[in-house]
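All remarks here apply to the structure that follows.
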C-alpha cells in the first residue's frame, strides 16, 4: 500500500464569524425587540458548527431578539429528546455555551395536510415561536438525486418534523419521490408556520467551511438549487473507477445520514449489486469492508448493510434498537442489515479477498479510507501505483509498504 494525496481545486474559505454576522445583518429589519426565534440545529458533523451557532445567537440577541435552539434531527438519537440534547453538547452546543435555552422535545403539532392527505407536523417549540430558522450544510443527499439534496429544506421538513414528521415524509417519498415530497411539504410549511429561512453552509473537499449564506424562505427552493450545485462540485471523490476492495475505517451518523455516503461509494441505501454489470455506477466497488463505528454515532450503525464484511467489535458496539429505529423511520431496511463479520481485521481482509476469485490476490485493487468525508489522503494498493504516478490530480506521498497490523491483528490507525 502507499499513500495518495488528492489535488483539489482551490476553494475560497470564508471568515466564519464575519460571514455569519454579515448574513444575519440581512434579516435585521425583520427582527423586532423581543422576537422569539427558534434556531434548528442538526446532528451532522459540520465544521465550525459551534462558532456558527454562537455568532448566530449573538447576532440575533444584539438586535433585541430572544433566540432559543431546537434539535432538528428527525428520529436521530433514538428519537429521544435527552439524547438529541446530548448530541448537540458533543458539538459544544449547550445552554451554558450558547447562553440561550435548548428546547428539546419529540412533541409535534400538525400544521396541515398535503394534497394527497399526508399530515405535515412540526416540532412543538417551533410552532410556538414568533420566527424559526435553521442552520445546515447543503450537499447531495444519500437516498436520492435531484436539484436539491440535504440542506435547509430537508431540515425544515424532516429535522423539525421530529420522528413523526420524518416517518410521514419517508412514507410520502416512497410513493411520490423524495424531492417532490420535500418541495410539497416545504411549501405548506412556509404558508402555515413562522419559518423565515436559514443559514446554508457549503464545505469544500477538505471538510472546511467554504460558503455561508442567508437564504430566506421565499427564495429557498431556487437558491438551494444554486448552492446544491456549488456543494456538488466541491464534493470529494474516490479517484479511481474500478476497485476490488474498499476498506472503510469508520462509519457513523456524524459522517453521513447513511453512515457512509452512497454518493462516494457508489452503492444505494435501497440496494446494490456487486456482480459484474453492463453499466456499473462509478466508482464500481466489488467489496466493502467496514472496520468501526465513530464514537459520535452512539451505536447507530445505519449503513453497515452497504458493506460486505465487518468486524465483531463493530457488531458488538452497535445499538440495535437505535439502528433499527433509524432504518424503520427511513423505510430503508437494507442499511441496518448486519454483514458477515470476523474477530480481526486481518482475517476479514483475507476472507473478503477470497470472495473476489482473483487469479493473484496480491494484484488486488484495494483502497483504504478513513471515512467518506475525509478523502484528501487515502491509501491504495500497488495495483494503482503506475496509474497514480501518471496523473496530475494525484500525488504519491509514501513508498510502498505492507498493511500494518497491531498485536491483535487489527490495522494500525490511518495516518
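What follows is calculated from the coordinates using simple rules that are stated; it is not laboratory data. Here the structure is a predicted model, which is why all the values come from computation and not from measurement. Glycine also receives a Cβ, built like all others from the backbone with ideal geometry; neighbour counts cover every protein chain displayed.
If you scale each eigenvalue of the Cα gyration tensor by 5 and take the root, what three semi-axes come out for segment 66-141, rounded to whole angstrom and sorted largest first?
Values: eigenvalues 110, 46, 34 Å².
Over the Cα atoms of segment 66-141, the semi-axes work out to 23, 15, 13 Å.
Neighbour counts of other C-beta atoms within 10 Å: give me 181, 167, 242 arranged from fewest to most.
With the sparsest Cβ surroundings first, the list reads 242, 167, 181.
Given the Cα-Cα distance of residue 147 and residue 174 and 0.36 nm per residue of separation, how much length would full extension add, in nm?
Stretched out fully, the residue 147 to residue 174 stretch lengthens by 7.9 nm.
Evaluate the Kirkwood expression for the hydrodynamic radius of the chain, namely the inverse of the mean inverse distance over all pairs of different C-alpha atoms, and round to one decimal in Å.
22.2
For the pair residue 128 and residue 187, how long in nm is the line joining their label points, each one 7 Å along Cα→Cβ?
3.2
Could you state the angle between the C-alpha long axis of helix 320-330 and the longest principal axis of the C-alpha atoms of the chain, as a value from 0 to 90 degrees rounded to the nearest 10?
70
Among 100, 41, 215, 202, which comes first, second and so on when ranked by fewest other beta-carbon atoms within 10 Å?
100, 202, 215, 41
Between residue 15 and residue 398, what is the label-to-label distance in nm when each label sits 7 Å out along the Cα-to-Cβ direction?
3.8
Pick from 379, 370, 360: which is most flexible by mean-square fluctuation in a GNM of the chain where alpha carbon atoms under 10 Å apart are linked?
360
At residue 359 and residue 109, where each label point lies 7 Å from the Cα along Cα→Cβ, what is the point-to-point distance in nanometres?
Once both label points are built, they end up 7.0 nm from each other.
From largest to smallest, what semi-axes in whole angstrom does segment 340-389 give when each is the square root of 5 times an eigenvalue of its alpha carbon gyration tensor?
Semi-axes (√(5λ), whole Å): 21, 18, 7.
Using only the alpha-carbon atoms of segment 238-396, report the extent along each of the three principal axes, biggest first, to the nearest angstrom.
Per principal axis, max minus min of the Cα coordinates gives 47, 32, 30 Å.
In nm², what is the average projected area of the convex hull enclosing the Cα atoms of segment 221-262?
Taking a quarter of the hull surface, the average projection is 4.2 nm².
What is segment 1-120 by shape, rounded, prolate or oblate, if you read a ≥ b ≥ c off the alpha carbon gyration tensor as root eigenvalues and call it rounded for a/c under 1.5, prolate for a/b larger than b/c, and oblate otherwise? Provide the component values of the computation, followed by the final result.
Working: a/c = 1.65, a/b = 1.20, b/c = 1.38.
Because a/c hits 1.5 or more and a/b fails to exceed b/c, segment 1-120 counts as oblate.
How high is the relative contact order of segment 118-237, in percent, counting Cα pairs under 8 Å that sit 6 or more residues apart? Walk me through the numbers on the way to the answer.
Working: 194 pairs, mean separation 36.8, N = 120.
Reported relative contact order: 31 percent.
Cα axis of helix 81-90 to longest principal axis of the chain: angle in degrees, 0 to 90, nearest 10?
That helix lies at roughly 70 degrees to the long axis.
Assign one of three labels to segment 195-324, namely rounded, prolate or oblate, based on the Cα gyration tensor with a ≥ b ≥ c the square roots of its eigenvalues; rounded applies when a/c is under 1.5, prolate when it is not and a/b is larger than b/c, and oblate otherwise.
Oblate shape, in that a/c is at least 1.5 and b/c is the bigger or equal ratio.
Counting only DSSP beta bridges with both residues in segment 1-137, tell me the antiparallel percent, nearest 5.
30
Would you list 203, 90 from fewest to most Cβ contacts within 10 Å?
Fewest to most other Cβ atoms nearby, the residues stand as 90, 203.
Assuming R0 = 22 Å, can you tell me the calculated FRET efficiency for the pair residue 32 and residue 119, based on Cβ-Cβ distance, to the nearest 0.05?
So the FRET efficiency works out to roughly 0.10.
Need one word for segment 8-234: rounded, prolate or oblate. Basis is the Cα gyration tensor (sqrt eigenvalues a ≥ b ≥ c); a/c below 1.5 gives rounded, then a/b vs b/c decides.
Rounded is the answer for segment 8-234, as its axis ratio a/c remains below 1.5.
Going by alpha carbons, how many degrees (0 to 90, nearest 10) lie between the helix axis of 162-176 and the longest principal axis of the chain?
So the helix axis and the longest Cα principal axis differ by about 70 degrees.
Order the peptides 400-410, 147-157 from the highest to the lowest mean number of other Cβ atoms within 10 Å of their residues.
Going from most to least packed, we get 147-157, 400-410.
Which residue fluctuates most in the GNM of the chain (Cα springs below 10 Å): 253, 337, 389?
389
So in segment 238-396, what percent of DSSP beta bridges are antiparallel if you round to the nearest 5?
About 15 percent, rounded to the nearest 5.
Using all C-alpha to C-alpha distances in segment 148-219, build P(r) with 10 Å bins and read off the rounded percent in each one.
19, 48, 27, 7
Using helices alone, I'd like the mean residue ellipticity at 222 nm for the chain: each DSSP H run of four-plus residues gives -39500 (n - 2.57), total over residue count, nearest 500.
One gets -8500 deg cm²/dmol as the mean residue ellipticity at 222 nm.
Taking every DSSP beta bridge with both residues inside the chain, roughly what % is antiparallel (nearest 5)?
On the way: 24 of 58 bridges.
Here the share of antiparallel DSSP bridges comes out near 40 percent.
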